[in-house]
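Visitor: This is the structure I have questions about; it appears just below.
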(Lines give C-alpha, C1' and ligand atoms only; values in the text may rest on other atoms or scores of the structure.)
Protein backbone atom coordinates (compact mmCIF):
# COMPACT_ATOMS: atom_id res chain seq x y z
CA UNK A 1 0.00 0.00 0.00
CA UNK A 2 2.85 2.37 0.86
CA UNK A 3 4.44 1.81 -2.59
CA UNK A 4 1.13 2.64 -4.27
CA UNK A 5 0.85 5.92 -2.34
CA UNK A 6 4.43 6.88 -3.19
CA UNK A 7 3.79 6.10 -6.87
CA UNK A 8 0.59 8.18 -6.87
CA UNK A 9 2.36 11.17 -5.31
CA UNK A 10 5.27 10.86 -7.77
CA UNK A 11 2.87 10.83 -10.73
CA UNK A 12 1.03 13.90 -9.44
CA UNK A 13 4.27 15.82 -8.91
CA UNK A 14 5.68 14.90 -12.33
CA UNK A 15 2.41 15.89 -14.00
CA UNK A 16 2.53 19.25 -12.20
CA UNK A 17 6.18 19.86 -13.15
CA UNK A 18 5.62 19.05 -16.84
CA UNK A 19 2.44 21.15 -16.96
CA UNK A 20 4.42 24.18 -15.76
CA UNK A 21 6.49 24.07 -18.96
CA UNK A 22 3.44 24.38 -21.20
CA UNK A 23 2.46 27.79 -22.53
CA UNK A 24 -1.22 28.69 -22.41
CA UNK A 25 -1.35 30.18 -25.89
CA UNK A 26 -4.75 31.83 -25.46
CA UNK A 27 -3.49 33.67 -22.36
CA UNK A 28 -0.44 34.83 -24.34
CA UNK A 29 -2.72 36.10 -27.13
CA UNK A 30 -4.85 37.92 -24.52
CA UNK A 31 -1.85 40.08 -23.54
CA UNK A 32 -2.23 41.88 -26.87
CA UNK A 33 -3.57 45.43 -26.53
CA UNK A 34 -5.63 47.03 -29.29
CA UNK A 35 -5.56 50.68 -30.33
CA UNK A 36 -7.93 52.59 -32.55
CA UNK A 37 -6.49 53.88 -35.85
CA UNK A 38 -8.14 55.51 -38.82
CA UNK A 39 -8.35 53.25 -41.89
CA UNK A 40 -8.49 55.35 -45.08
CA UNK A 41 -10.00 52.73 -47.41
CA UNK A 42 -13.07 52.25 -45.25
CA UNK A 43 -13.18 55.77 -43.87
CA UNK A 44 -13.53 54.57 -40.30
CA UNK A 45 -11.57 53.69 -37.19
CA UNK A 46 -10.46 50.12 -36.64
CA UNK A 47 -8.68 48.40 -33.78
CA UNK A 48 -5.09 47.38 -34.52
CA UNK A 49 -3.08 45.01 -32.33
CA UNK A 50 -0.05 46.05 -30.34
CA UNK A 51 1.68 42.72 -29.68
CA UNK A 52 3.68 42.42 -26.44
CA UNK A 53 7.41 41.59 -26.60
CA UNK A 54 6.95 38.05 -25.26
CA UNK A 55 4.44 37.29 -28.05
CA UNK A 56 6.72 38.83 -30.69
CA UNK A 57 9.46 36.51 -29.41
CA UNK A 58 7.19 33.54 -30.19
CA UNK A 59 6.69 34.60 -33.83
CA UNK A 60 8.09 32.07 -36.29
CA UNK A 61 8.30 29.44 -33.57
CA UNK A 62 6.18 26.32 -33.40
CA UNK A 63 3.30 26.56 -30.95
CA UNK A 64 0.38 24.33 -30.01
CA UNK A 65 -3.18 25.60 -29.67
CA UNK A 66 -6.33 23.79 -28.62
CA UNK A 67 -9.58 25.36 -29.73
CA UNK A 68 -13.05 24.91 -31.12
CA UNK A 69 -13.63 24.80 -34.87
CA UNK A 70 -15.88 27.63 -36.08
CA UNK A 71 -17.02 27.68 -39.72
CA UNK A 72 -16.10 31.25 -40.64
CA UNK A 73 -13.28 30.76 -43.13
CA UNK A 74 -14.16 31.35 -46.79
CA UNK A 75 -15.31 28.28 -48.73
CA UNK A 76 -12.42 28.56 -51.18
CA UNK A 77 -9.90 29.38 -48.43
CA UNK A 78 -7.16 27.00 -47.44
CA UNK A 79 -7.45 27.73 -43.75
CA UNK A 80 -9.83 27.29 -40.82
CA UNK A 81 -10.62 29.39 -37.76
CA UNK A 82 -10.40 28.03 -34.23
CA UNK A 83 -11.68 29.76 -31.12
CA UNK A 84 -10.86 29.62 -27.45
CA UNK A 85 -14.60 29.36 -26.91
CA UNK A 86 -17.41 27.29 -28.47
CA UNK A 87 -19.30 29.00 -31.30
CA UNK A 88 -22.02 30.42 -29.03
CA UNK A 89 -19.35 32.42 -27.16
CA UNK A 90 -16.82 33.06 -29.93
CA UNK A 91 -15.61 36.40 -31.28
CA UNK A 92 -18.14 36.38 -34.13
CA UNK A 93 -21.22 35.35 -32.14
CA UNK A 94 -20.60 36.00 -28.47
CA UNK A 95 -18.45 37.94 -26.07
CA UNK A 96 -14.95 36.87 -27.10
CA UNK A 97 -12.49 39.39 -28.54
CA UNK A 98 -10.07 39.15 -31.46
CA UNK A 99 -7.49 37.57 -29.11
CA UNK A 100 -9.77 34.53 -28.78
CA UNK A 101 -9.52 33.31 -32.39
CA UNK A 102 -6.71 32.03 -34.57
CA UNK A 103 -6.39 31.20 -38.25
CA UNK A 104 -4.90 27.80 -39.03
CA UNK A 105 -3.20 27.10 -42.37
CA UNK A 106 -2.57 23.37 -42.68
CA UNK A 107 0.41 21.92 -44.52
CA UNK A 108 -1.81 19.08 -45.73
CA UNK A 109 -5.57 18.56 -45.69
CA UNK A 110 -6.65 17.51 -42.18
CA UNK A 111 -10.12 16.45 -43.30
CA UNK A 112 -13.46 17.97 -42.37
CA UNK A 113 -14.50 19.35 -39.01
CA UNK A 114 -17.88 19.82 -37.38
CA UNK A 115 -18.92 23.00 -35.56
CA UNK A 116 -17.44 23.05 -32.05
CA UNK A 117 -15.06 20.12 -32.64
CA UNK A 118 -12.35 20.60 -30.02
CA UNK A 119 -9.07 20.21 -31.90
CA UNK A 120 -5.40 20.65 -31.10
CA UNK A 121 -3.10 22.01 -33.79
CA UNK A 122 0.61 22.74 -33.99
CA UNK A 123 2.17 25.27 -36.36
CA UNK A 124 4.44 28.29 -36.71
CA UNK A 125 3.06 31.50 -35.26
CA UNK A 126 2.61 34.49 -37.54
CA UNK A 127 1.41 37.77 -36.05
CA UNK A 128 -0.79 39.90 -38.31
CA UNK A 129 -1.31 43.59 -37.63
CA UNK A 130 -2.15 44.90 -41.12
CA UNK A 131 -3.95 42.42 -43.41
CA UNK A 132 -7.67 42.87 -42.70
CA UNK A 133 -8.53 39.74 -44.70
CA UNK A 134 -6.95 37.61 -41.96
CA UNK A 135 -7.06 37.46 -38.16
CA UNK A 136 -4.27 38.64 -35.83
CA UNK A 137 -2.92 35.21 -34.88
CA UNK A 138 -2.08 32.76 -37.66
CA UNK A 139 -0.56 29.29 -37.53
CA UNK A 140 1.25 28.31 -40.73
CA UNK A 141 2.40 24.84 -41.83
CA UNK A 142 0.03 23.50 -39.19
CA UNK A 143 -0.69 19.87 -38.42
CA UNK A 144 -3.62 18.35 -36.59
CA UNK A 145 -2.39 16.94 -33.27
CA UNK A 146 -5.71 15.74 -31.81
CA UNK A 147 -9.39 15.78 -32.63
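Visitor: Would you pick out the residues in region 66-83 that are assigned to a loop (DSSP other than H, G, I, E, B), in contact with a strand residue (DSSP E or B) (Cβ under 7 Å, 6 or more places away or on another chain) and either within 20 Å of residue 141 (Cβ to Cβ) or modelled with pLDDT of 95 or more (or both)? Step through it out loud before you land on a result.
Guide: Our first condition is that a residue be assigned to a loop (DSSP other than H, G, I, E, B); within region 66-83, this holds for 71-78.
Filter once more, keeping what is in contact with a strand residue (DSSP E or B) (Cβ under 7 Å, 6 or more places away or on another chain): 72-73, 78.
73, 78, listed by residue number.
Visitor: Also: Considering only region 119-133, I want to know if a residue exists there that is closer than 14 Å to residue 67 by Cβ and not in a strand (DSSP E or B).
Guide: Checked region 119-133: no residue is closer than 14 Å to residue 67 by Cβ and not in a strand (DSSP E or B).
Visitor: Just wondering, is there one or more residues in region 3-26 that are outside any loop (DSSP other than H, G, I, E, B) and at pLDDT 70 or above? Steps first, answer last, please.
Guide: Pass one, region 3-26, residues outside any loop (DSSP other than H, G, I, E, B): 3-20, 25-26.
Okay, now just the ones that are also at pLDDT 70 or above, so 25-26.
Checked region 3-26: at least one residue is outside any loop (DSSP other than H, G, I, E, B) and at pLDDT 70 or above.
Visitor: Quick one: how many residues across region 32-65 are in a loop (DSSP other than H, G, I, E, B) and farther than 12 Å from residue 136 by Cβ?
Guide: First, pick out the residues of region 32-65 that are in a loop (DSSP other than H, G, I, E, B): 32, 40-43, 51-52, 57-61.
Restricting the remaining residues to those that are farther than 12 Å from residue 136 by Cβ gives 40-43, 52, 57-58, 60-61.
Going through region 32-65 one residue at a time, the tally reaches 9.
Visitor: Test residue 96 against the criterion of being farther than 17 Å from residue 30 by Cβ and assigned to a loop (DSSP other than H, G, I, E, B), and give yes or no. Break it down into steps so the answer makes sense when it comes.
Guide: Working: farther than 17 Å from residue 30 by Cβ: no; assigned to a loop (DSSP other than H, G, I, E, B): yes.
Against the criterion (farther than 17 Å from residue 30 by Cβ and assigned to a loop (DSSP other than H, G, I, E, B)), residue 96 does not qualify.
Visitor: If I ask for residues that are outside any strand (DSSP E or B), more than 19 Å from residue 32 (Cβ to Cβ) and touching a strand residue (DSSP E or B) at 6+ places or on another chain (Cβ under 7 Å), which ones from region 99-113 would you list? It would help to see each step written out before you state the result.
Guide: Just the residues of region 99-113 that are outside any strand (DSSP E or B), to begin with: 99-100, 107-113.
In the following step, the residues that additionally are more than 19 Å from residue 32 (Cβ to Cβ) were identified as 107-113.
The answer is 107, 110, 113.
Residue-wise test of (1) in contact with a helix residue (DSSP H, G or I) (Cβ under 6 Å, 6 or more places away or on another chain); (2) at pLDDT below 95; (3) surrounded by fewer than 13 Cβ atoms within 10 Å (Cβ to Cβ).
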residue: 98; (1), (2), (3): no, yes, no
residue: 103; (1), (2), (3): no, no, no
residue: 113; (1), (2), (3): no, yes, no
residue: 123; (1), (2), (3): no, no, no
residue: 128; (1), (2), (3): no, no, no
residue: 131; (1), (2), (3): no, yes, yes
residue: 142; (1), (2), (3): no, no, no
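The values are calculated or read from the model by the stated rules, or taken from the named source; none is laboratory data. Fair warning: this is a prediction, and the values are worked out from it, not measured in the lab. Note that each Cβ is placed from the backbone with ideal geometry, even for glycine, and that neighbours are counted across all protein chains shown.
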